[in-house]
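Participant: One structure is given below, represented as structure tokens, and several questions about it will come after.
The values are calculated or read from the model by the stated rules, or taken from the named source; none is laboratory data. Only a predicted model underlies this, so the values are computations on that prediction, with no experimental measurement involved. Every residue, glycine among them, receives a Cβ derived from its backbone with ideal geometry; neighbour counts consider all protein chains shown.
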Amino acid sequence: MNRQNDFQPSAAPREGSLQWVLLRHFSLQMTLVALLLLLPVVLFTGKAALESEQRLLQADADKLGLVLERDRQALQGTLRDYAGWDDSYYFVNQPHPRYGQINFTGSFLSTGVALVAILRAPREPLLQYGQPAGLSSQAWQATLAGLPEWKKLPVQGEPQVRVAQVGGQMALLGVACITRSDERAPCNGLMVMVRLLDSAYLQWLGQLVGGKVTPVLDGRASPSSALHHARQTIVPLPGSTVLALQLDKKFDHGEQLRNLLLFACILLLLFGLAALWMRRFLRRQVLNRVELFAELAHRYELGQTVQWPVEGGSEIDRLAQSFNQMVARLAAAQGALQQQMVTDPLTGLGNRYGLELAANGRIGRCRNEQGLALLLVDLDGFKLVNDSLGHGNGDALLRLVAERMRQSLREGDELFRVAGDEFALLLSVASRDEGEVLPRRLMGLLHQVFRFAGHEIKISASAGIAYRQGELSALDLMRHADLALTMAKTAGKAQFCVYAPSMSVDVEQRLQSEQALRQALAEDVLEPYFQPVVDSMTGQVVSLEMLARWSHEGRMVSPAEFVPQAEVLGLIGPLFNQLLDKGMVWFAQFREQCPHLVLQVNLSALQFADAALARNLLAQLQKHGLPAEALAVELTESCMLQYPELVDSIIAELVAAGIGLHLDDFGTGYSSLARLRELPFDVLKLDRSFVLALGQGDAVLARAVHDFASGLGLGLIAEGVETEAERRALDAIGYRWMQGYLFARPMQGSEMLPWLSVSGRHSGQCDALDDGIKSEHA
Ligand code: C2E
Ligand code: CA
Ligand code: CA
């Protein structure tokens, strides 16, 4: 058994293979899926980054706003302290030149206030302490002029602090009413404080939020302040609508990008690993197995025995199981079919194909086996058995024949039924002598009576044997045996022939003559000849025997040659009918000359297969206006012994109609006298061999036959009387009717007519067969 052990799945998938297709599609799809997954991630990350930048920027702006608010409130607090201080109040009433140096020192310096001014109401400047760089006195005066009316300020209220532009710079500008701490006296002046939001301050703010902070004056940021590729936002300033801060901040996306890249790499790696794993899994669990299946199926196609591996319970395993079962069922069916192909169903023996296989097998096993012989055995006239007893009985007989033959086999012999009634034996024989023992024994066995279903049948068989020589093939051996059998059958019944190379030629000739005979029949060239039977005492003609003649290629072919041939070819019926058609025309004319003349016609055993035989003969007689008594049929002993039942019924029909019945060639067969007595023969024809013996002085048998016929009251005709001596010897025993060259040779109708009219055999002088018999026994 060819298992899958030696199967190695191909390392690289072959183009077009399932693995190739799957992998190609699979990698394409995996890449697509990875890309599809990456795209939203990138988009989402980008969007999230933007949003987070916005949020962070806003948070920074808020932070700046808070810081500014804190500083504004701090300035408000400082202003509240100094404006509500009694010293400031008294200073306004009684100014002191060193007031500034004395009071705006120490902790005041840490408040970041760059300039303090005190004005007595309504706008009389009393003190200006501090002079920031870049602030001109005109700008300062303008700033002071822009202050709200002091009376509009709440006397006891909170100081007002807002972001304002002071001399072109952004600053926190606070103003408060100067009052006494007990708040009993009215406000006597204004205190103004300026804290510049200068570049250092803005830089500090920028450091706080990690960006760049620039002032927006008149709604416009200074262009130089913007950072490249930075995000920006506007931080509104307390108390001002025109002033604001612009925050520019750069966000570093490098890390995000790196993270994104890392994420993408990890994702791709995971996908790659998943794909690899899937591929491995697919290969191991599916593709390799499918490949193995395909390979095993291919081997199965090549005729190897294969078994698909079953490893678990998956669909593939179920498929494998089904495959295995299917293969097993197929093998069983094939086996049965093969058996059927080589077996003959009727007998259970091998058939012709089986014989061919067996012969090939034996020759193949032992190339030089020279002792191999093939014997073919054919039952003679088996068709008649089928026709007379029915096919059921024919089959039964074949089974009995097979059984009988089987019993005669030796060890190693093989028996076959190769055609309807043809058997073959494959034999191992040491010598030719040995090769002939079995056939002869076999034929002897077959010639013994078969009894079945109330029938008793005697059959004969012909056989041909061929020996294997040299490198002869099984088919040639069969052909040789066939030739030998054909020769045996041509030679007559119950014959046995050994193949000889000359047979091929003989058969070729036979085939040619068969063809010629068919043609002769088709062209209706066969002629009836007539040979008279005469009463030797009176010299008168009593009857005429119709004999077939065939003039072929300038020679007269003997009926002894072509009648058996016609029998083998199944043409004996048509042949006889053609002859009788022509013969009756002549005979009707002969009867006009000799009214009591009888026509004797020879019937072949095979004609008894035709149930209409008697009817046809009577129709012919009627057609020519002749009585049944004008016709006699001649049968041989072997004929009537071969198919007793059929012959008996037709004979009974003929005799009942009044047709005469002659037993031809009497003495040459082996029929029992008892059987002869049962049959309604009226004339016996003594075979020529007895007449010959008589001429040589041996009268015993001729006398015995004469006594036997006289005893049974049968007519007697001696055949083949050639000499006067034979005639006299027959005369001496008591034979009256004779046929032979001494009296006349067989003649054409055209010769017979004048012959009959010659004086002495003329009408009126022709004797009647019946009368003869009567007169002889009288
Ligand atoms: P058969 O029925 O015994 O016919 C007599 C044979 O003896 C004839 O041979 C005849 O020519 C021959 N014969 C007659 N007188 C003599 C003689 O004095 N000396 C010798 N040596 N022979 C003589 P034929 O015509 O060659 O026929 C041979 C056999 O062929 C016949 O033997 C008969 O069995 C068969 N046959 C002839 N015609 C037919 C036919 O139409 N149908 C059938 N079924 N058989 C036929
Ligand atoms: Ca005859
Ligand atoms: Ca004869």
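Participant: Take the residues in the range 579-632 that are in a loop (DSSP other than H, G, I, E, B), hydrophobic (A, V, I, L, M, F, W, C) and over 60 Å from the mean Cα position of the chain (by Cα); name whichever of them is nearest to ligand 2 (Cβ to nearest atom).
Facilitator: Filtering first and then ranking leaves 597.
Participant: Next up: Can you find a residue that is away from ligand 2 (no atom under 16 Å from the Cβ) and closer than 30 Å to residue 742 by Cα anywhere in the range 496-506?
Facilitator: Checked the range 496-506: no residue is away from ligand 2 (no atom under 16 Å from the Cβ) and closer than 30 Å to residue 742 by Cα.
Participant: Anything in the range 373-400 that is part of a helix (DSSP H, G or I) and free of Cβ contacts under 8 Å to residues at least 60 places away in the same chain? List them, or say none.
Facilitator: 386, 391, 392, 394, 395, 396, 398, 399, 400
Participant: A follow-up question, please. Would you please list the contacts, defined by Cβ atoms under 8 Å and residues six or more apart or on different chains, that run from a residue in the range 101-112 that is under 19 Å from residue 201 (Cβ atoms) to a residue that is part of a helix (DSSP H, G or I) and not aromatic (Phe, Trp, Tyr)?
Facilitator: Short answer, once both residue conditions are applied: 108/78; 111/74; 111/75; 111/78; 112/71.
Participant: Any idea which residue in the range 657-670 is surrounded by the fewest Cβ atoms within 10 Å (Cβ to Cβ), counting only those that are in a loop (DSSP other than H, G, I, E, B) and within 16 Å of ligand 2 (Cβ to nearest atom)?
Facilitator: Filtering first and then ranking leaves 668.
Participant: Quick check on residue 424: is it surrounded by 13 or more Cβ atoms within 10 Å (Cβ to Cβ), modelled with pLDDT under 90 and among the small types (Gly, Ala, Ser)?
Facilitator: No: the conditions fail for residue 424.
Participant: Answer yes or no as to whether residue 534 is within 16 Å of ligand 1 (Cβ to nearest atom) and either out of contact with any helix residue (DSSP H, G or I) (no Cβ under 9 Å at 6 or more places or on another chain) or without any contact (Cβ under 8 Å) to a residue 24 or more places away in the chain (or both).
Facilitator: Yes, satisfied.
Participant: Count, please, the residues in the range 522-577 that happen to be among the acidic types (Asp, Glu) and assigned to a helix (DSSP H, G or I).
Facilitator: Qualifying residue count for the region: 3.
Participant: What pairs can you find where one residue is in the range 539-567 and closer than 16 Å to residue 522 by Cα, the other is part of a helix (DSSP H, G or I) and among the acidic types (Asp, Glu), and their Cβ atoms are less than 9 Å apart, with a gap of 6+ or different chains?
Facilitator: Taking only residues 6 or more apart or on different chains, the pairs are 550/561; 565/514.
Participant: Pull up the range 692-723, narrow it to residues that are within 15 Å of ligand 2 (Cβ to nearest atom) and among the small types (Gly, Ala, Ser), then point me to the one that is surrounded by the most Cβ atoms within 10 Å (Cβ to Cβ).
Facilitator: 718
Participant: Follow-up question, since we're still on this one. The conditions are (1) away from ligand 1 (no atom under 16 Å from the Cβ); (2) surrounded by fewer than 15 Cβ atoms within 10 Å (Cβ to Cβ); (3) not polar (S, T, N, Q), and residue 728 fails exactly one of them. Which is it?
Facilitator: All conditions are met except number (1).
Participant: Please work out which residue is farthest from the chain's Cα centre (by Cα), limiting yourself to the range 730-752 and to residues that are under 13 Å from residue 536 (Cα atoms) and part of a helix (DSSP H, G or I).
Facilitator: If we take residues in the range 730-752 being under 13 Å from residue 536 (Cα atoms) and part of a helix (DSSP H, G or I), then 732 is farthest from the chain's Cα centre (by Cα).
Participant: Another one. Do we find a residue being assigned to a loop (DSSP other than H, G, I, E, B), surrounded by 17 or more Cβ atoms within 10 Å (Cβ to Cβ) and within 12 Å of ligand 1 (Cβ to nearest atom) anywhere in the range 684-691?
Facilitator: Yes, there is a match, as at least one residue in the range 684-691 is assigned to a loop (DSSP other than H, G, I, E, B), surrounded by 17 or more Cβ atoms within 10 Å (Cβ to Cβ) and within 12 Å of ligand 1 (Cβ to nearest atom).
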